[in-house]
1. Working only within the stretch 33-67, note down all residues that are part of a helix (DSSP H, G or I) and of a type outside the set (A, V, I, L, M, F, W, C).
2. Quick one: would you say residue 63 is more than 23 Å from residue 146 (Cβ to Cβ) and either assigned by TED's automatic domain parsing to the domain that holds residue 131 or not acidic (Asp, Glu) (or both)?
3. Inside the stretch 149-189, can you point out the residues that are more than 18 Å from the chain's Cα centre (by Cα) and not in a helix (DSSP H, G or I)?
Amino acid sequence: MKPSETELFQRSRNGDPEAFRRIVEGHQPFAYAVAFRFLGNEADSEDAVQESFINVWKHLAAYDPKKKFTTWLYRIVANECLDHIKSRKRLRTAIPVDPLPGDSDTGRAAGDEPNKAFDDRERLRMVETFARELPEKQRMVFILRDMQDQSIEETSQILKMSRASVKSNLCHARIFLRERIEQIEKAGL
């Protein structure tokens, strides 16, 4: 019988590395997705996730099992990403977005009718690129709420911000991104 997550946490707290490995394996993909949204490249994201899980291991006794683990984990990942950004003085540096699977370097031939999948990928790429230009709080809120589908409440808990502050930062982030995308689309780029 497969142990429950609660049992895995208890075993991990008691020093069972196998139980902790299973926790890591279960949550690593989503932690990586959060880190990649913040940092924009694989190597930095992998480093941030690794450091995050080291912090989880060190502070596992502080985790309250009555609360959602992902909220606690994402707070750790977000903080690790912010530390990484600050330590490398990359807060406002443009970071290239890795190409999406299936993208070609040649682009579309002249006269090709753009299909919806291509448009969606391009729009997502623009959003990810422009999100890196947002002020720190707005970027964190936008990534967690709109890109990682966390609720307002979860985002508030992860970032230790009031719900009103989350909503305000999210509103400003969305306005900024909408304006940037409209500028690009009007320019025909």
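1. Within the stretch 33-67, 37, 42, 44, 45, 46, 47, 50, 51, 52, 55, 58 meet the criteria.
2. yes
3. Of everything in the stretch 149-189, those that are more than 18 Å from the chain's Cα centre (by Cα) and not in a helix (DSSP H, G or I) turn out to be 162, 188, 189.
The values are calculated or read from the model by the stated rules, or taken from the named source; none is laboratory data. Just so it is clear, the model here is predicted, and its values are computed rather than measured. Because the Cβ atoms are built from the backbone with ideal geometry, glycine has one as well, and the counts that use them run over all protein chains shown.
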